[in-house]
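Remarks on the structure that follows.
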Amino acid sequence: MAQAARATKMNTAPQSPVIAAENLDLVFQTADGPVQALRDVSLTIDKGDFVSFIGPSGCGKTTFLRVIAALEHPTGGTITVNGMSPEEARLNRAYGYVFQAAGLYPWRTIEKNIALPLEIMGFDRAEQEKRVNNVLQLVDLAGFGKKFPWQLSGGMQQRASIARALAFDADILLMDEPFGALDEIVRDHLNEQLLKLWARTEKTIGFVTHSIPEAVYLSTKIVVMSPRPGRITDVIESDLPRERPLDIRDTPEFLAIAHRVREGLRAGHAYDD
Amino acid sequence: MAQAARATKMNTAPQSPVIAAENLDLVFQTADGPVQALRDVSLTIDKGDFVSFIGPSGCGKTTFLRVIAALEHPTGGTITVNGMSPEEARLNRAYGYVFQAAGLYPWRTIEKNIALPLEIMGFDRAEQEKRVNNVLQLVDLAGFGKKFPWQLSGGMQQRASIARALAFDADILLMDEPFGALDEIVRDHLNEQLLKLWARTEKTIGFVTHSIPEAVYLSTKIVVMSPRPGRITDVIESDLPRERPLDIRDTPEFLAIAHRVREGLRAGHAYDD
Amino acid sequence: MSALADTARPRAPGALSALASAVLPVLTIVLAIVAIWYAASVMMNRAWTLDQIARQNLEMTTMEIVAATMNQERPVLPTPHQVFNELWSTTAGEPIMRERRGEMQGNPRNLIFHAYHTLWPTILGFGIGSFLGILLAVGIVHSRAMDMSVMPWAIASQTIPILAIAPIIVVVVSNLPALNNAVDQGWISEDTKLLVPKALISSYLSFFPVVVGMVAGLRSPNAMDLDLMRTWSASRGQTFWKLRLPASVPFLFTSLKVSIAAALVGTIVAELPTGARFGLGARLLTGSYYGQTIQIWSALFMAAICAAALVILLGALEKLVLRRMGARP
Amino acid sequence: MKATAIPPWGLPALGAALIALAALTDTRLALILAVWFGAWALNATLADRARGRGSRFLVPLIFGVTLLALWEMAVQLYDISFVILPAPSAIWARMVTETATLWADFQQTILKGALAGYIMGCGAAFLAALAVDRSPFLQKGLLPVGNFIAALPIVGTAPIFVMWFGFGWQSKSAVVVAMVFFPMLVNCVQGLKASDQMQRDLMRTYAASYGQTLVKLRLPTAMPFIFNGLKICTTLALIGAIVAEFFGSPTVGMGFRIKIEMGRLAMDMVWAEIAVAALAGSGFYGLVALIEKRLTFWHPSQRRG
Amino acid sequence: QDEVRLQLQWVTQSQFAGYYVALENGYYEEENLDVTILPGGPDIAPPQVLAGGGADAMLNWMPSALAARERGLPVVNIAQPFVRSGLMLSCWADAGIAEPADLAGHTVAHWFFGNEYPFMGWMNQLGIPVDGSENGVTLLQAGFNVDPLLQRQADCISTMTYNEYWQIIDAGVSPEELVTFRYSDYGVDTLEDGIWVLEENLDDPAFFDKMVRFVRASMRGWEWAAANPTEAAMIVLDYDETGAQTEQHQLRMMGEVALLVEGGNGTLDVESYERTVRTLLEGGDAVITTEPMGAWTHAVTEAALGN
Ligand SMILES: Nc1ncnc2c1ncn2[C@@H]1O[C@H](COP(=O)(O)OP(=O)(O)OP(=O)(O)O)[C@@H](O)[C@H]1O
Ligand SMILES: Nc1ncnc2c1ncn2[C@@H]1O[C@H](COP(=O)(O)OP(=O)(O)OP(=O)(O)O)[C@@H](O)[C@H]1O
Ligand SMILES: Cc1ncc(C[n+]2csc(CCO)c2C)c(N)n1
Ligand SMILES: [Mg+2]
Ligand SMILES: [Mg+2]
């Protein structure tokens, strides 16, 4: 897959990639020996790509996303974001990040939690309010703005954290299992909303998920990863049209891609059944 | 559905129900007014039932599970567990509970976290070790016992918390979205393991999920809930055989039930699409 | 202490019972303590009374002996009613102001006068101390160099027995040219000037608990909370104001409560070498110098009442703030 | 992490400007400032660069040596009377010649008075916190009354304790107990409340007994707070034991020595004792902090540098 | 008006009546002086205040002042209102102490802070060690009051004729139950409350002149106080800012203090000075090691009393 990545890079020579990782290695030092979380990971993501990461638990998806976001520093290899180092990109507020856990600040109401990045980036009050209401609507939490996090159910908290990342409209969105705690219906709804947003704004999106249909439905590119050590085992370019109604999921093209993902995924597991 | 519940109760008159809820109400008092989390919820769960709860985020699934576990006290109605009050059942250590978030204690290694309930219930050292190794194997975390929670990925933490609840072998298992953070393959694997465990031990299981296939695949009874106020809108008895290979999911019977669940679920949502 | 906080909030029907549930336990404990206290005073004062009887060859019944032990003029441990009477007669029983050479001024025979002169430096010192403490904690959390160098010396500073250097501080500070200048210029009064060294010593004792608590508090946000801030490329200032500071609030209040009690001790210590002029410390000192145990105890109680009042105030503030910050009730 | 908006040359420039300004009015001040800035710059770079074990000790050492140098300079340059503030060199000279006295005083005050009081006081506060935590009745009754009693100032209680417990170290321990009780209590009570809802619920699902919940959940989560209390109390215990000796003591002890030497205007000896107190206090604090590091390695406040 | 700040060596009490009287009766004002009296306390070393510039003159016991002088703080006695020592040692009679030699094997509570030297010197003369050994005296550092004696934590305690002794009596002890040794009866008394200033200041004629006027007015105050003890005690009471003093005690103290100043006019008696120095030099753990030079001057009192 290193080849695949490099090939993509060449094809899009005029438009330089948004994210370009080459031979990334990352080793965590723990008390009982080192853990190789990423080994030789190479990947190129172009502007407007919607890239899903899928793979067994512990295969390094979160770690890779964190490397892109300069929250983790690779122990080997190179990576650039918007042609800069991830650190510089971070300082340029290049991306919004949704963590695997909601991570709302308990002393702020939902509203205030969502407004937090806006405050930090210096949006004015009126604009803050407009955007907060907007995204609250988007994740179906209108009316819950004045509640504190502990007064919300798990899924509602997760949606609030998604709203927070969407509020400030970064060019790159990094989302770590944002829809894990949501039911199918809400999930479908948010999937659609996300696709609309993506189509409208041309954002580049990195998306970790455990749902194969979700990955196929959303992505232009699906990265399958495998654990111990964490590495990329397959990069699948999706040729589905950009415009995707929900029932595209019953088309043979969709199922074919899904099948390939499932196979790739299964290869990374070691169950005897 | 209140009728359905009552009917079941009558059918099984000789064998008294494990959980019997009647007209449960639960209202949270919050700073900006009361929130009706449960309204008029009646449900009977018999010994050996595998009951799934499904419904939009915020509909009261967690709350209901917590009421059964005596972690929340209903403001109206009655509930018995094993013929006792939930509080007595709790004191009798009638159930194992898996929370929506992993909730591992950061000062204990994974191993020690899993051993925690065993220590509390007074298992001896050798037995503790045996059981810990057993469940670690079961959730595919062998080799991670000596790590601390923050050194594990989100999914791994979730699996550790499942292992913790399985370790002490309670007759009732209450699981709040235990597999939310897991990929399809691991999930399938754990689903199978759980079914095997259930078949072998005749446990009674209450299981919250957002996945319709998962609910149908696992359950003998599927409870569909709806929010604002949280209530039961449908109780679907599954007539699938107890022995369920993974490919049962492609049978028409399976799909029919899944369809009914999806319809029930959709009714609880208010999206215009 | 919760009594005050509870009544501060309007409560419809349960207000009375809530009040009762807050007061009743306190009352019970107080009664228990008073009982133990009486027993203890009889125990501890007995020797003296018996000694007196033996030396003067008196005949007394047991009841009379007990009564005598409870009403000695120089008891080892004064009884509650003695302390209470003294407290009462030196507060309510004395005018607060007195006339002296045609001028109205505070009456030094009234304990309230002394409490007043102790409270102000305490509050000022507490203000300075906690402000400095927070500042230092902020520095320590943000600068490695400060963490490594200042902290050990802040610790060392606290082991200096303040009473030993208090006289020097008082002498040096009250003779600072700047301060004298301010008095000459009429910017501050002579009384205010006397307050400065007290407040300084009081702040010296009160800053440390704040430093320790705040360093822990400012470091309490977990990795994910901090990572969030990093993803927004928040400046250190923003991370401080919007994450570290709110996260440290529970720690802050805990240390403030400790620190305000320390501030009061600081003021009282500082009052000893200002030459026993006024304030509860001076009162304690003279009481103790003339062996007037009852007077010492009443001054002690006054100090404790002041400290408790301040701690209660802080507790109420804490409740208010934490409630506004979404703490679960 | 990158520094803030201030450019790297900003601070040195500011320092130089300040020194220059000072030089205009007072060369002595300029000299002192120069030494200070120099040492600070050295320390800042050391702290940022080297992260090894060495700098952990080197940096505070440099800071301390600088402090002492500044002190010495101030005393020498401004000709400060020894009655007000003796120079470090004079203090050192005293420490060397009076080791035996210092050691005897140290034993009396720290090893007997302070340590015994610290252990008893912190232990009692901890037990009281458990009681308060266990019973809502006590929580409402004992805490306010405890607040009150603990607020009795040491200078008032010390003479009383001397009267009750005699002139020996026992009365000093009593003062220390009274002094450390409240800070410890407040921190323990706060700490016992620190576990979060879900962690407690988990214990409830196991029908864990009070004791089990305490040992396996509440105490671990209370640790950071308990150590906060323990740390604050180390210094309080020292001050308490020393100051208590001012109000009556046998003819040995750090507080006794400080008091009589102050009367004799032997300020160098006074400061020699203070130096011992500071060393002992820092060591004591350091020990507690070390134990804390060992026991609360999992807490966010300890996990990062 | 010229400013003078006087640092007392104890809290406001009749021991210092002369100065308060001079202030209240306007004697200082008549000398064109604006005098501030700074009360002391157990933790104030007046020499330190003097050195720190916190006062222009201090009251001090001679041992303490001479010790300061030897340590390099050049203080000079300019007047000595107290001509006799009021220092005593009071013991329980039933402790079996009939004369000083019996002190061996007993516990003595004493003030330190430089005031222990007369006692040390005395014990040294008697050949009694003060190390707490079997045949020696166990010394305790007393707080400020007579509780150690009353609680029988000590067999003897240091007292002043005008103060602590009466506290014992007030506590209900009859004089017969006590055995009291007056230092002056054993020739080991040292001079007490004298007025001291920094030597370098005296070179300044303006300061010198100020002190002349100050001493003159102060001695007037003392004269008046001795003649009108009741009124003097009331004046002291009025100046007590702690409000803790009692009338009875201050009245009695005034009477006793009057006995100590009686017959003096402020001029330092050289013979007493020499006895003080001798006592100190003979003291074991010496306060001073060499004969002080220039520790006193008659210049001020001569100027003050001359016209
Ligand atoms: N402690 C609380 N205080 C106030 N309101 C609460 C509290 N806990 C839950 N709620 C409210 O009760 C309702 C039901 O919450 P619950 O957690 O049971 O939902 P859920 O079905 O588990 O949702 P999810 O799938 O998102 O976890 C929600 O509207 C929530 O806001
Ligand atoms: N801070 C850390 N210290 C040590 N090991 C770590 C740390 N963080 C992650 N790891 C290890 O790195 C590996 C990859 O973790 P990562 O969180 O990236 O997995 P993931 O793909 O996101 O899994 P999941 O789907 O379960 O979230 C895991 O084996 C994990 O144990
Ligand atoms: C700490 C200390 N202790 C004793 C004295 C000696 N002294 C001088 S005046 C006086 C009052 C007598 O009633 C006493 C005891 C002192 N100056 N400081
Ligand atoms: Mg992850
Ligand atoms: Mg839930």
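The values are calculated or read from the model by the stated rules, or taken from the named source; none is laboratory data. The model shown is predicted, which means the values in this text are computed figures rather than measured ones. In this analysis, Cβ positions are derived from the backbone assuming ideal geometry, glycine residues included, and neighbour counts consider all displayed protein chains. Just so you know, the surface numbers come from the protein's heavy atoms only, side chains and all, with ligands and any DNA or RNA stripped out. Shrake-Rupley method; radii C 1.70, N 1.55, O 1.52, S 1.80 Å.
Shown for the protein assembly as shown: the carbon plus sulfur share of the solvent-accessible area, taken with all protein chains present and a 1.4 angstrom probe, equals 59%. Computed 3J(HN,Hα) for region C:76-89, one whole-Hz value per residue from the Karplus formula 6.51 cos²θ - 1.76 cosθ + 1.60 where θ = phi - 60°, is 5, 10, x, 7, x, 5, 5, 4, 5, 4, 5, 4, 5, 6, glycine and proline marked x. Sequentially through region A:56-65, phi angles give Karplus couplings (6.51, -1.76, 1.60; θ = phi - 60°) of x, 4, x, 8, x, 4, 4, 4, 5, 4 Hz, Gly and Pro residues having no value and appearing as x.
Normalising by the residue count of region B:104-169, find the relative contact order in percent from Cα pairs under 8 Å and 6+ residues apart.
Details: 74 pairs, mean separation 33.2, N = 66.
It rounds to 50 percent for region B:104-169.
In terms of packing, defined here as the mean over residues of other Cβ atoms within 10 angstrom, the peptides D:63-74, D:250-261, B:135-146 line up highest first as D:250-261, B:135-146, D:63-74. Note on A:H259 and C:A182: the model spin-label points, each 7 Å out from Cα along the C-beta direction, lie 8.6 nm apart.
When chain B is treated as a Gaussian network with alpha carbon springs shorter than 10 Å, the biggest mean-square fluctuation among B:A170, B:A199, B:A69 belongs to B:A199. The mean number of partner chain beta-carbon atoms within 10 angstrom of a residue's beta-carbon across peptide D:158-168 is 6. The same position A:P245 in the other copies lies at 3.6 nm from this copy, comparing label points 7 Å beyond Cα toward the beta-carbon, shortest first.
Computed from Cα atoms alone, the Kirkwood hydrodynamic radius reported for region A:104-169 is 11.3 Å. A viscosity of 1.306 mPa s and a temperature of 10 °C, combined with the Kirkwood radius over Cα pairs in Stokes-Einstein, give a translational diffusion coefficient for chain C of 68 µm²/s.
Helical runs assigned H by DSSP (4 residues or longer) give chain D a calculated mean residue ellipticity at 222 nm of -25500 deg cm²/dmol, each run adding -39500 (n - 2.57) before division by the residue total. Close amide-amide hydrogen proximity is noted between C:R100 and C:Q105, each under 5 Å apart and 5 or more residues distant or on a separate chain (H modeled in the peptide plane; Pro and chain starts excluded).
Here region C:277-329 is treated as a Stokes sphere of Kirkwood radius computed over C-alpha pairs; at 4 °C and 1.567 mPa s its diffusion coefficient rounds to 99 µm²/s.
Using a 7 Å projection from Cα along Cα-to-Cβ, the label point at B:N92 is separated from the same position in the remaining copies by 6.5 nm, smallest value first. Using r as the Cβ-Cβ distance of B:D169 and D:V215, and R0 as 25 Å, what FRET efficiency do you calculate, to the nearest 0.05? For B:D169 and D:V215, the calculated efficiency is 0.60. 3J(HN,Hα) along region D:239-251, derived from phi through the Karplus expression 6.51 cos²θ - 1.76 cosθ + 1.60 where θ = phi - 60°, amounts to 4, x, 5, 5, 5, 4, 5, 5, 9, x, 6, x, 8 Hz, with x in place of Gly and Pro. Model label points for E:I169 and C:A316, set 7 angstrom from Cα along the Cα-to-Cβ axis, are 5.2 nm apart.
Around the Cα centre of chain E, unit charges on the Cβ atoms of Lys, Arg, Asp and Glu (plus for the first two, minus for the last two) sum to a dipole of about 220 debye. The relative contact order of chain C comes to 22 percent, based on Cα pairs under 8 Å that sit 6 or more residues apart.
Estimated from helical segments only, the mean residue ellipticity of chain B at 222 nm is -12000 deg cm²/dmol, where each DSSP H run of four or more residues counts as -39500 (n - 2.57).
Debye-formula intensities of chain A, expressed as log10 I(q)/I(0) at q = 0.07, 0.09, 0.11, 0.12 Å⁻¹, are -0.25, -0.42, -0.63, -0.75 (one equal scatterer per alpha-carbon, no solvent).
Mind grabbing the interface size between B and A? I mean buried accessible area, both sides, 1.4 Å probe, in Å² to the nearest hundred.
Details: alone 13250 and 13240 Å², together 23290 Å².
It comes to approximately 3200 Å² buried between B and A.
With 10 Å bins beginning at zero, the pair-distance distribution over Cα atoms of chain E amounts to 6, 28, 35, 23, 8, 1, 0 %.
Residues whose amide H lies under 5 Å from that of E:G266, counting only those 5 or more places away or on a different chain, are E:Q80; hydrogens are built 1.01 Å from N in the peptide plane. Per residue, chain A exposes 39 Å² of solvent-accessible protein surface, assessed with a 1.4 angstrom probe and all protein chains in place. Peptide E:290-299 is shielded by partner chain Cβ atoms: per residue, an average of 0 of them sit within 10 Å of its Cβ. If R0 equals 22 Å, the separation of the Cβ atoms of E:S133 and D:L111 corresponds to a calculated FRET efficiency of about 0.45.
Hey, could you get me the Stokes-Einstein D for chain D, Kirkwood radius over alpha-carbon pairs, 10 °C and 1.306 mPa s, rounded to whole µm² s⁻¹? Could the numbers behind the result be given before it?
Values: Rh = 22.7 Å.
Estimated diffusion coefficient is 70 µm²/s.
Shielding of peptide C:49-57 by partners, expressed as the average count of other chain Cβ atoms within 10 Å per residue Cβ, is 2.
Selection among E:I169, E:I157, E:V83 by position relative to the dipole of region E:58-194 gives E:V83 as farthest towards the positive end (Cβ unit charges, Cα centre).
For chain B, DSSP calls about 55 percent of its internal beta bridges antiparallel.
Think of the axis that spins chain B onto A; the B residue whose C-beta lies nearest it, and the distance in whole Å, is B:G180, 2.
Pairs of C-alpha atoms in the protein assembly as shown farther apart than 66 Å represent 27 percent of all such pairs.
If packing is taken as the average count of other Cβ atoms within 10 Å, what order do C:49-57, C:300-308 fall into, highest mean first?
Values: C:49-57: 13.4, C:300-308: 22.9.
Output ranking for C:49-57, C:300-308: C:300-308, C:49-57.
The H on the amide N of A:S85, modeled in the peptide plane, is under 5 Å from the matching H of no residue at least 5 residues off or on a different chain.
In this assembly of identical copies, the label point of A:E202 (Cα plus 7 Å along Cα-to-Cβ) is separated from its counterparts by 6.7 nm, sorted shortest first.
Applying 1/(1 + (r/R0)^6) with r as the Cβ-Cβ distance of B:E129 and A:D40 and R0 = 30 angstrom yields a FRET efficiency of 0.20. Label sites at D:F57 and E:D94, each approximated as a point 7 angstrom past Cα along Cα to Cβ, lie 6.2 nm apart.
Summing -39500 (n - 2.57) over the DSSP H runs of n ≥ 4 in chain E and dividing by its residue number, what mean residue ellipticity at 222 nm do you reach, to the nearest 500 deg cm²/dmol?
Details: 13 runs with 122 residues, N = 307.
Value at 222 nm, helices only: -11500 deg cm²/dmol.
Secondary structure note: in chain E, about 55% of the DSSP beta bridges are antiparallel.
Output the peptides E:36-46, C:231-241, B:100-110 sorted from most to least packed, where packing is the average of other Cβ atoms within 10 Å over each peptide's residues. Don't jump to the answer; show the numbers that get you there.
On the way: E:36-46: 22.8, C:231-241: 18.4, B:100-110: 20.9.
Ranked by mean Cβ neighbours within 10 Å, highest first: E:36-46, B:100-110, C:231-241.
Since only B:I212, B:N133, B:I172 are under comparison, the one whose Cα sits farthest along the positive direction of the charge dipole of chain B, derived from C-beta charges on Lys, Arg, Asp and Glu, is B:N133.
Relative to the Cα centre, the charge distribution of the protein assembly as shown, modelled as +1 at Lys and Arg Cβ and -1 at Asp and Glu Cβ, gives a dipole magnitude of about 5800 debye.
About the centre of its Cα atoms, chain D shows a dipole size close to 1240 debye [charges on the beta carbon of Lys, Arg (+1) and Asp, Glu (-1) only; nearest 20 debye].
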